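A.B. asks: Below is one structure. I have some questions about it.
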Amino acid sequence: MNNLILIAEDEQQIADVLDAYLTREGFRTVRAGDGHVAVELQVTLKPDLMLLDIAMPRRDGWEVLAEVRRKTETPIIVITALDKDIDRLQALRIGADDYIVKPFNPVEVVARVKAVLRRAGLTSSSGILRYGDIAVDLDSYLVKVEKNGQSRYLKLTLTEFRILAHLAHQPMRVYSRSDIVDACLLGGDALDRTVDSHISNLRKKFEQLDLYGLLSSVRGVGYRLGGTD
């Protein structure tokens, strides 16, 4: 499994449990601690599925569910302490694909996630990492860009591909230069300062296809796929 799951949950402990169980099953995850961030990440990352809490700050789950459903068919599983039938019916009416009441068994949540993805035809092959408009094929070493109804391929060096694939495994996670060196760079190329050069080249190649803001730098830390500089 390499589907990307957006966990929209403001309770850190619950988010940690969901993250751990989903990651163990091979899913990629990204988190949103409030409703506003959840909507932003849904737009920019285009996750395969969203796990959505209702009682969240800034924008509650009802508002997030309605807005996301107006714009996309991204599968959404509501996870909430609201256990009344009227709440369940409202969620399904607005467009939720499933409804899970807290406290929950995390094993069951993972099973529900898999079931919803299967129904939506979104179970991805283990060799494909998707992020927004790009798909990174780990088996063929190809990166396809699908934008405005057109499909194009990025021409990357082996090191550039390795770096992009490494960042794509966990979007929004910040990787230090030394992390990237250890995971992606080969032999004599293994110097921290060379990472900056490779990232710069990747950005230029993205921009040639009108893709901006995919790679972000975090001052004093490193780089991530997603977010803003």
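A.B. asks: Between a residue in the range 159-186 that is over 22 Å from SER140 (Cα atoms) and any residue that is of a type in the set (Phe, Trp, Tyr) and not in a helix (DSSP H, G or I), which pairs come within a Cβ distance under 9 Å, given they are 6 or more apart or on different chains?
C.D. replies: Once the first residue is over 22 Å from SER140 (Cα atoms) and sits in the range 159-186, its partners that are of a type in the set (Phe, Trp, Tyr) and not in a helix (DSSP H, G or I) give VAL174/TYR223; TYR175/TYR223; SER176/TYR223; ARG177/TYR223.
A.B. asks: So, in the range 1-29, of the ones that are among the β-branched types (Val, Ile, Thr) and open to solvent by 20 Å² or more (accessible area, probe 1.4 Å), which residue ends up farthest from ALA111 (Cα to Cα)?
C.D. replies: For the range 1-29, the residue satisfying everything is ILE14.
A.B. asks: Hey, LEU185 hits all of (1) at pLDDT below 90; (2) open to solvent by less than 20 Å² (accessible area, probe 1.4 Å); (3) touching an Asp or Glu at 6+ places or on another chain (Cβ under 8 Å) but one; which does it fall short on?
C.D. replies: (3)
A.B. asks: I've got another one for you. Within the set of pairs 6+ apart or on separate chains, which have a first residue in the range 57-70 that is in contact (Cβ under 8 Å) with a residue 40 or more places away in the chain and surrounded by 15 or more Cβ atoms within 10 Å (Cβ to Cβ), a second that is of a type outside the set (Phe, Trp, Tyr) and part of a helix (DSSP H, G or I), and C-beta atoms under 6 Å apart?
C.D. replies: VAL64/GLY35; VAL64/ALA38; VAL64/VAL39
A.B. asks: Related question: Could you check the range 77-136 and list, in sequence order, the residues that are part of a strand (DSSP E or B), among the aromatic types (Phe, Trp, Tyr) and either open to solvent by 70 Å² or more (accessible area, probe 1.4 Å) or in contact (Cβ under 8 Å) with a residue 24 or more places away in the chain (or both)?
C.D. replies: TYR131
A.B. asks: Still on this structure, I have one more. Which of the residues that make up the range 145-160 are open to solvent by 10 Å² or more (accessible area, probe 1.4 Å) and part of a helix (DSSP H, G or I)? Quick ask: steps written out before the conclusion?
C.D. replies: Start the filter on the range 145-160 by keeping residues that are open to solvent by 10 Å² or more (accessible area, probe 1.4 Å), which leaves 146-159.
Once the filter is applied, which keeps residues that are open to solvent by 10 Å² or more (accessible area, probe 1.4 Å) and part of a helix (DSSP H, G or I), the range 145-160 yields LEU158, THR159.
The values are calculated or read from the model by the stated rules, or taken from the named source; none is laboratory data. Source: prediction; values computed, not measured. Quick reminder, even Gly has a Cβ in these numbers, built from the backbone with ideal geometry, and neighbours come from all protein chains shown. Side chains are part of the model used for accessible areas, which takes the heavy atoms of the whole protein and leaves out ligands, DNA and RNA. Shrake-Rupley method; radii C 1.70, N 1.55, O 1.52, S 1.80 Å.
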